[in-house]
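Single-structure report; data block below.
The values are calculated or read from the model by the stated rules, or taken from the named source; none is laboratory data. What you see is a predicted model, and the numbers here were worked out from it, not measured in a lab. Heads up, the Cβs are rebuilt from the backbone with ideal geometry, glycines too, and the neighbour counts pull from every protein chain shown.
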């Protein structure tokens, strides 16, 4: 069952930001597990069906896995150790005002 939030979700709420970041991390781990299990499955399947016993599938599967693990570790360190959820997110004061062209009240200068 998905988590329920007892009030209106607001990204400025520190508890909501913390929960949201941890759910995003959980999705990152799930996508990693699904993708890498498929990559390794086809690599091992190719190895077992190859007459020479050479690895099948993508030859760079270990590099993909190691790189992704490094990204997961960095993500986890940020979420669980570095992220500061104490203060609300600062927002720009004029955000969402749209484009407002400058209007000039003086007459345009004539060129000679």
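On the stretch given as region 10-38, residues that are under 18 Å from residue 64 (Cα atoms) and either over 12 Å from the mean Cα position of the chain (by Cα) or outside any helix (DSSP H, G or I) (or both) total 8. Looking across region 33-60, the residues that are over 21 Å from residue 73 (Cα atoms), in contact with a helix residue (DSSP H, G or I) (Cβ under 8 Å, 6 or more places away or on another chain) and either surrounded by 11 or more Cβ atoms within 10 Å (Cβ to Cβ) or modelled with pLDDT of 90 or more (or both) come down to 43, 55, 56, 57, 58.
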